[in-house]
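These notes are about the structure you will find just below.
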Amino acid sequence: MQIRGLSLFEEKCRICEKRFSHEICSVTRANLSKHVVNAHNISMADYILDNKSWPLCGCGCGNRVVYSKWHFNKYYRNHKDRVPQSNEIKQKIRKGLRSKYYEKVRKGIVDINLIKQMWNDYKDNADTNLLKVSKRSGYDKRTIKNYWWKFGITTKVEIKRQAKLHKEVYSHAGEKNNQYCKIEDDVLNNIFDLLTDRKNVLTLSYIKYRFGISYSTDVIFKRLVEKFGRDTIKSLLKFRGSCVSVEEASFGNVLSFYFGEKNVKPQFKIKYIEDGKKKHKFYDFCLFNKLLIEYDGDYWHQDSQQNDSVKDALAIKNNFTIFRINSKEAKNIEILSKIKGIVDEI
């Protein structure tokens, strides 16, 4: 109990009637707990039970619940999810959530007019998405959606429907709903100039970062193909794909310069059949159609030992020589002499 005027919390031992008090409730209970365990040699769980049976899970599974901080849990682990909530409890939860959100409006933390304006902008503007709305308003995307339906501005069904309409487009399908992902001609021309400069790292991921394009790499590739032709772009994009690291692409440029571009094939594919299904494996580089080189980076290849052994066996089966290097070895100029020695032996 709390003593009036003194602001002290007091607890009395039920066994020896010794009293404990402190300004903080948790400290009072901690002192009593130490006393019960040390003086009476019983656990706090047994002390609170007071010779009663241990409580069982409320879902009816028969498991004993856990004792935690002066009380017993009502359910065992996550068994609360097994018990369907009544409509009365659901309404009580909804009411509590609504009052919580409207309290923010009353305190001036949330401007409900701004929330309504955000919904109108999102619904009426086909070029926007939740990420852009979040950046402009400063609210998290999930918080925005919660505000929309908890303030009664719209429904969850309508939010999901609008989300599908505003989904990022990865191909030409956007033409059907006026969401065509256009890249300006000036930007495409600059990208093309960069692609023709062999000194630069030629990856779509690098291009996306270099020019600050928000669309996917597939969109960038399609826009380039529309303007300059598929064969031209594919010949320039030696290392197409977002899974190729910048370090690996840089090493590929070194190989192309040293051994000749025609003799170096990046992302070389070997096909095979497993369990009656056609499958394939990609190798980082193939030199002179004889030597396969795998660039094992520190991050991407740290947990791929099993896959590496499968790829090694497949390469040998198809009469290829395979050579693996790590990111540290690739930075040493002597590795090129070592690769040349292997090529000469082959």
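The values are calculated or read from the model by the stated rules, or taken from the named source; none is laboratory data. As the structure is a prediction and not an experimental result, all values here were calculated from the model. Positions of Cβ are generated from backbone atoms using ideal geometry, with glycine treated the same way; all protein chains shown enter the neighbour counts.
Assorted remarks:
- Some residue of region 96-116 being closer than 29 Å to Ile15 by Cα and in contact with a Ser or Thr (Cβ under 8 Å, 6 or more places away or on another chain): no
- From the list Ile109, Ile89, the lone residue that is within 29 Å of Thr143 (Cβ to Cβ) and not in a helix (DSSP H, G or I) is Ile109.
- Unmet criterion (only one of (1) modelled with pLDDT of 90 or more; (2) under 30 Å from Pro84 (Cβ atoms); (3) surrounded by 12 or more Cβ atoms within 10 Å (Cβ to Cβ); (4) small (Gly, Ala, Ser)) for Gly58: (1)
- Scanning region 28-47 for residues that are among the hydrophobic types (A, V, I, L, M, F, W, C) and under 17 Å from Lys18 (Cβ atoms) yields Ala30, Leu32, Val36, Val37, Ala39, Ile42, Met44.
- Some residue of region 38-59 being under 36 Å from the mean Cα position of the chain (by Cα) and among the hydrophobic types (A, V, I, L, M, F, W, C): yes
- Members of region 313-337 that are surrounded by 13 or more Cβ atoms within 10 Å (Cβ to Cβ) and within 12 Å of Tyr258 (Cβ to Cβ): Ile335, Leu336
- Filter result for Ala173 (closer than 28 Å to Ser99 by Cβ and either modelled with pLDDT under 80 or not assigned by TED's automatic domain parsing to the domain that holds Phe221 (or both)): no
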